[in-house]
1. Does Arg224 qualify as being more than 29 Å from Gly33 (Cβ to Cβ), part of a helix (DSSP H, G or I) and of a type in the set (Lys, Arg)?
2. Tally the residues that are farther than 30 Å from Lys291 by Cβ and without any contact (Cβ under 8 Å) to a residue 12 or more places away in the chain, restricting the search to the stretch 209-225.
3. Is it true that Ile247 is among the aliphatic types (A, V, I, L, M) and either in contact with a Phe, Trp or Tyr (Cβ under 9 Å, 6 or more places away or on another chain) or within 24 Å of Pro213 (Cα to Cα) (or both)?
4. Residues of the stretch 461-476 being closer than 11 Å to Leu353 by Cβ and under 38 Å from the mean Cα position of the chain (by Cα), which ones?
5. How do the pairs read when you match residues in the stretch 553-565 that are assigned by TED's automatic domain parsing to the domain that holds Gln605 with residues anywhere that are acidic (Asp, Glu), using Cβ under 9 Å and keeping only pairs 6 or more apart or on different chains?
6. Do we find that Arg147 is in contact with a Lys or Arg (Cβ under 7 Å, 6 or more places away or on another chain) and either surrounded by fewer than 16 Cβ atoms within 10 Å (Cβ to Cβ) or assigned by TED's automatic domain parsing to the domain that holds Ala24 (or both) in this structure?
7. If you check Gly236, Gly241, Gly215, which single one turns out to be at pLDDT 85 or above and either over 45 Å from the mean Cα position of the chain (by Cα) or of a type in the set (Gly, Ala, Ser) (or both)?
8. Which residue pairs have Cβ atoms closer than 6 Å, lie 6 or more positions apart in sequence or on different chains, and pair a first residue in the stretch 569-592 that is part of a loop (DSSP other than H, G, I, E, B) with a second residue that is β-branched (Val, Ile, Thr) and at pLDDT below 90?
Amino acid sequence: MIRTHLTPPELSTLAWPTDQGAAAVEALARRAGLHSGAHAPPAPGSPSPEQLARQVEVEAARLGLEAETVAASYGDIEALLLNGGPALLRLPPHPAPPAGAADEQGNTGPGLIALLGRGWGHLRVLTPALEVRRVPLRLIRDRLCARLEEPWRPDIDRMLAEASITDQQAERVRRMILAEQLSALPIEAGWMLRLTPAANLRQQAHHARLSAPLGTLVGAMLIRQALLILTWWLIGRIVFGGQFDPIWLWAWVLLQATALFFDLLIVRTGGLIAVATGAIFKQRLFAGILKLRPEEIRHEGMGQFIERVMGANAVELLALNGGIVALLSLIQLGTAALVLAWGAGGWPHAVLLLGVTLLLVLLTGAYVQRQRGWNRLQIAQTKLLVEHMVGHRTRLAQEDPARRHQEEDRLLDGSLLQTGRRDQVGAWINSLPSLWVLLGIAALGPILIDGTAGPVALVVSLAGIILAAQALTQVIAGLEGLAQAMIAWEEVAPLFDAAARHEQLPAVELAPAGSPGGPQPLLLARELSFRYRDRGQYVLQGTTLQIRSGERLLLEGPSGGGKSTLAALLAGLRDPEAGLLLLHGYDRASIGAADWRQRVAVAPQFHENHVFAETFAFNLLMGRRWPPQPEDLAEASTICEELGLGELLTRMPSGMGQILGESGWQLSHGERSRLFIARALLQRADLLIMDESFGALDPETLALALRCVLRRAPALMVIAHP
């Protein structure tokens, strides 16, 4: 049932209660066509904002979706509402009514709006009764912005009254003033539902609505080829018609103008498909990068990382462009075969074209094999060059000058040999269009000698030969791009496949992090054993450990003794080969890998920690909600003051907004260490593991940082050398 009009008092009938957040996510996903699975069990009680966010995220994960927290500035909230569906909007309580009273719109407290999307001049909302209702955009927008606007309204109304602004203009002027004053202030809107990057490409394409532009592209290509055939037919009629008629010339001009329109349509639609497909591809790659295990990248060098980035760009550009060109060329090739069959040569002429096409496929396969070998040598040269650049000083000091370039020379000789083999096949491929023209004209020889074919049929055959030659040239260009993409895919495939890894959903819901612990230990490790795959001996064997809330532990040992490995096991970054590991009495499969890592935070050793080329606030609040709220920035600033970073914040021109990294503000060794400590503290974890985090600090700063950590960490393990 769809109603065409809503008045403000009906807003309360649209909102889902906050204790039905999981049900709202499921209903919204079903209606939006994102899921059709089992129903969600009801969530007991009235959840807190943190519990509600957790319920929404868990339910979305159960449905195979992502619930992305979205926020917008005051000036962009309307754009978010128009383009954000499907989304679950969190309505704040109205600020005006007293406690326990309903506001003028019939709302007594916060609720959830299941936004499906936009319509013509309205929003489409799914109600708790599973009805789709049309809602004015202004209705929901005003409710989301009410808390920001309320403190400003009395002063603005008084100013408008003093200025004698008429009632007809007052609302417009009020909104202009509010937009000017509040445009940059953030508003937490809720959660946007979308498919995970791990979803199959068919689902991704359907959700991105690619079927319509893809159909438009194929249809435009077919019509373009039909216009081309008509153009050649008109040329034959004009030339061999016996007399010149201007009407046919104007018809030819009209066909050319129509063909130009379809050419532009093909370019525009192909660009839209390329952009949408590229976005899906990049999202999947980013998701795969985040799901890579430490052992999968620990021993890879900078050259390998650079090659993967280059491979990702190559796959995206070459596959999309080559795919569109190949599709167009295949349509052209099929059109050319029909024209040849219609002409003087008949079907034997079309079969000859098929034979040349099969030869092209065979040569392309050989070209791909040689190109793959050449690419492997190029990758090896890139890796070697990068690694040698990084360790250049070490090479000068330690490597024998007589043997310094042996590896480079070997790779270069192999690359030159493979280049010659590849180019030899490439030359044959590029000569195929010319070979086809010779064969096509030669096939017409007997027909010309017999004189059995009319001039129109001969013109059609010549047109088919030329059209086929153009199609073969396009096919070669498209296949070359696809071949390059297939080869580059070898570097990108591990990232693409890693995105499909599914983490087990939590079977239990623990109390929020930082809550008082129960009688059981916070963390219990019993008989843990671990060894790396490339080693035969155990790094840890029979390790037993127990940590309770409030405890402070110091773990000492020599280098290589397994301290950092134990920290990685306790934090859930690695899986033990044997033994029992429990957090709050539950194993990691019951809690879920993501929740485990939120509750056990580790500050890795200095060489394994990073300062990203982003703002100081971003580097501090990684793992927290983003964009940050004022209370998040206030907490981060307080911890920085306690760690002695207040002077640094004062010295940086932009404070928390200062860009760090190579192109930004340079931090000293000790400042980086304290940044890493603050980042770990801001995770609000139940257990904090500091892996040699204090080694770069002088005694005075060490005492300051240690007092801060001891005061704030619910449970603490410090790893250090004796």
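The values are calculated or read from the model by the stated rules, or taken from the named source; none is laboratory data. Keep in mind that what you see is a predicted model, and the values were worked out from it rather than measured. Positions of Cβ are generated from backbone atoms using ideal geometry, with glycine treated the same way; all protein chains shown enter the neighbour counts.
1. In short, yes.
2. Residues meeting the conditions: 3.
3. No: the conditions fail for Ile247.
4. Across the stretch 461-476, the qualifying residues are Ala471, Leu472.
5. Going by the 9 Å Cβ cut-off, the qualifying pairs are Lys563/Glu556; Lys563/Asp691; Lys563/Glu692; Ser564/Glu608; Ser564/Asp691; Ser564/Glu692.
6. Against the criterion (in contact with a Lys or Arg (Cβ under 7 Å, 6 or more places away or on another chain) and either surrounded by fewer than 16 Cβ atoms within 10 Å (Cβ to Cβ) or assigned by TED's automatic domain parsing to the domain that holds Ala24 (or both)), Arg147 does not qualify.
7. Among Gly236, Gly241, Gly215, only Gly215 is at pLDDT 85 or above and either over 45 Å from the mean Cα position of the chain (by Cα) or of a type in the set (Gly, Ala, Ser) (or both).
8. Partner pairs satisfying both residue conditions: Ala571/Val602.
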